[in-house]
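K.L.:
The structure follows.
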Amino acid sequence: MSVSSRGRLERAIEHLLFACASVSILVTIGILSVLVFETVQFFRTVSPIEFLFGTTWTPLFFDKQFGVLPLVAGTVLVSSVAMAVALPAGLLTAIYLSEYAPTSVRRVVKPVLEVLAGVPTVVYGYFALLFVTPLLQQLVPGLAGFNALSPGLVMGIMILPMVSSLSEDALHSVPSGLREAAYALGATRAQATVRVVVPAAFSGISAAAILAVSRAIGETMIVTIAAGQQPRLTGNPLVPIETMTAYIVQVSLGDTPAGTIEYQTIFAVGMLLFVSTFALNMVSQWLRERLREEYS
Amino acid sequence: MIAIDGSSTVFPITEAVAEEFQLVSSGARVTVGISGTGGGFSKFCAGETDLSNASRPIKPVEVAACQAAGIDFVELPVAYDGIAVVVHPSNDWVDALTIDDLKRMWEPAAQGTVARWEQVRTGWPETELHLFGPGADSGTFDYFTDVIVGDEGASRGDFTSSEDDNVLVQGVSTDELALGFFGYAYYEENRDRLRLVPVDDGDDTNGAGPIAASPDTVRDGTYRPLSRPVFVYVSTASLARPEVAAFVDFYLDQGADLVREVGYVPLSPNEYELIAGRVEARVTGSMFGEGQDAGVTLAELLVQPTHP
């Protein structure tokens, strides 16, 4: 093979790889432009103030109200329940795996945890609806068949591996010199962990938590199946609610004609969802980079 | 090849008939779509389909669209569908509901205000009221709001709505404070998990007092106003094709058993005969004019002249 034909081949491969990389960027730009275009159409009819601060959401019905707060409340409620499970459990798991567990235990527990992340979310959804909810109804009087509690708990289990895995990375990247210094000062293992290692890994752990929140907000299948479809401005986890994602699914499944205001609502809600998760991911990214700087 | 589209409520019946028909008549292919009653009629009046399923009579605007395209049709009522009103089995305070009770719960003015059972009727518990019903794209929703609230599509928006009746069954059967409505067939399938509520229309001429939905009360017209006939419309141009004519004959002849099998209520043999007679004579147009009284029984309508 001559030198020049080799060079041509190299360039061709380079172009091919560049094309592959651009596809995902172009698709993202495409999605974003559709989202922006339809959202702008929506805000021609409905004022952003009414959308962001209104307390009733009934765009599909007779008395159309476009206040997105009930959907936001539903999303926040389910995500809070999920975080209340995933954060403590995930952090404790990470501490155990990083600071206490013998290698043999760790070799078993880590992959098992990662299996949790591989379960399809539709399975989690029916697990919440058909197993967790009936179980909880034995313990919690007045718990409705659709509610925020059960999908929240199950979602917490689902994002637990993410919290534990990212937190463990953060704990692991704390230089062992810090631990040794703590031991040298007479600290027990618990004291070294709680007072030295966890604070040192704090920005990494926060990054994990924020990423988990962003995942919880965007989660769709579990809440669509088990949380109900009734937009309701409430903090009560025992009654049917509707999240932003579940609303988008509901409208997409019906035969709402394109171009109508009902149809545009899903893009406005989608935009809000995109902006919130995007902001959270940025914060998380920034925190992780700060951690990297601290110990490099 | 016979093309059918339209209502998802009528789909199970027509699909069952189509399957049986394809077994006995070798070679005939029947496709059944679900675009909703309105979506079905827009295809039908554009000449794209041979038959159209409908969970309500054709509207005057749709008749006009068909006429403009030169499409004549014969209207075939094929079954009755009742709308069941249900509560959780452990609900011990609701023994019956009046149309006014239902209206108070579902009318647009109830949105955000009628939130507890005691607001529906004094003496009922002060607990929350959780409502479940079909979504705004559903023919059942259109019909319910029309006869209960008095205006098609007029409903409160703060209830759990789903196009999937199984979701509604799941919701009501697991929530002690729930009340919901959906097609009778879904109650029949889940009767051990739900309690059916009798409905009183305040009109004693079609059965006194509260009446529970059942195949008998739906058929004899006493479960008013929450029962209705469902239809198939066939274009006369398509009827000229032997396979379409054979399909329609088969539908009216064998349909009753299949209707029962899929959970709906068949018409009486006499009514099926009257309809077959109309197909034979190619009686075109709709029996239901503007403002047709919903209380008239089909047997009475079938012998009246049609509206153009």
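K.L.:
What lysines does residue B:43 reach when the alpha-carbon gap must be under 30 Å and sequence neighbours fewer than 8 apart in one chain are set aside?
P.N.:
Cross-link targets: A:64, B:59.
K.L.:
State the Cα centre-to-centre distance between the range B:1-52 and the range A:193-214 in whole Å.
P.N.:
Computed from Cα coordinates, the inter-centre distance equals 59 Å.
K.L.:
Could you pull out every one of the aspartates and glutamates with an alpha carbon less than 16 Å from that of residue A:110, ignoring same-chain neighbours closer than 8 positions?
P.N.:
Here the aspartates and glutamates satisfying the reach criterion relative to residue A:110 are A:99, A:168, A:169.
K.L.:
I'd like to know which of B:140, B:172, B:46 lies farthest towards the positive end of the charge dipole of chain B, counting +1 on Cβ of Lys and Arg and -1 on Cβ of Asp and Glu.
P.N.:
Of the listed residues, the answer is B:46.
K.L.:
Once label points are set 7 Å from the Cα along Cα→Cβ at both residue A:195 and residue A:258, what is their separation, rounded to one decimal in nm?
P.N.:
According to this spin-label approximation, the distance is 6.5 nm.
K.L.:
Sticking with the crude label model, points 7 Å out along Cα→Cβ, report the distance from residue A:108 to residue B:191 in nm, one decimal please.
P.N.:
So the two model labels end up 5.3 nm from each other.
K.L.:
Quote the relative contact order of chain B in percent (integer), defining contacts as alpha-carbon pairs under 8 Å separated by 6+ residues.
P.N.:
Relative contact order here is 25 percent.
K.L.:
So how do B:142, B:50, B:100 line up by other beta-carbon neighbours within 10 Å, fewest first?
P.N.:
So the residues, fewest neighbours to most, are B:100, B:142, B:50.
K.L.:
Measure of size requested: the Rg and Dmax of the range A:69-294, with Cα atoms as the atom set and Å as the unit; please supply both.
P.N.:
Taking only Cα atoms of the range A:69-294, I get Rg and Dmax of 20.0, 70 Å.
K.L.:
What does the helix-only formula give at 222 nm for chain A: each DSSP H stretch with n ≥ 4 adding -39500 (n - 2.57), the total divided by the residues, and the result rounded to the nearest 500 deg cm²/dmol?
P.N.:
-23500 deg cm²/dmol
K.L.:
Report the charge-dipole magnitude of the protein assembly as shown in Debye, nearest 20, computed about the Cα centre from +1 at each Lys and Arg Cβ and -1 at each Asp and Glu Cβ.
P.N.:
3340 debye
K.L.:
What is the spin-label model distance, in nm, from residue A:13 to residue B:119 if the labels are put 7 Å beyond Cα along the C-beta direction?
P.N.:
7.0 nm
K.L.:
Fewest Cβ neighbours within 10 Å first, please rank B:130, A:15 accordingly.
P.N.:
By the 10 Å Cβ count, ascending, the order reads A:15, B:130.
K.L.:
What Cys residues in the protein assembly as shown are without a partner cysteine, judged by a Cβ distance under 4.7 Å?
P.N.:
That list is A:20.
K.L.:
For chain B, what is the mean residue ellipticity at 222 nm derived from helices alone (per DSSP H run of n ≥ 4: -39500 (n - 2.57); sum divided by total residues; nearest 500 deg cm²/dmol)?
P.N.:
Only helices count here, giving -10000 deg cm²/dmol.
K.L.:
Using Cα pairs under 8 angstrom and six or more residues apart, how large is the relative contact order of the range A:69-294, in percent?
P.N.:
Relative contact order here is 31 percent.
K.L.:
Please arrange A:18, B:73 by how many other C-beta atoms lie within 10 Å of their C-beta, fewest to most.
P.N.:
The fewest-first ordering by Cβ neighbours comes to A:18, B:73.
K.L.:
Also: Mind checking A:237-244 for the average number of partner chain beta-carbons within 10 Å of each residue's beta-carbon?
P.N.:
Per residue, the average neighbour count from other chains is 2.
Taken together, the values in this text are just the output of simple stated rules run on the coordinates, not laboratory data. Since this is a predicted model, take the numbers as computed values, not measurements. Heads up, the Cβs are rebuilt from the backbone with ideal geometry, glycines too, and the neighbour counts pull from every protein chain shown.
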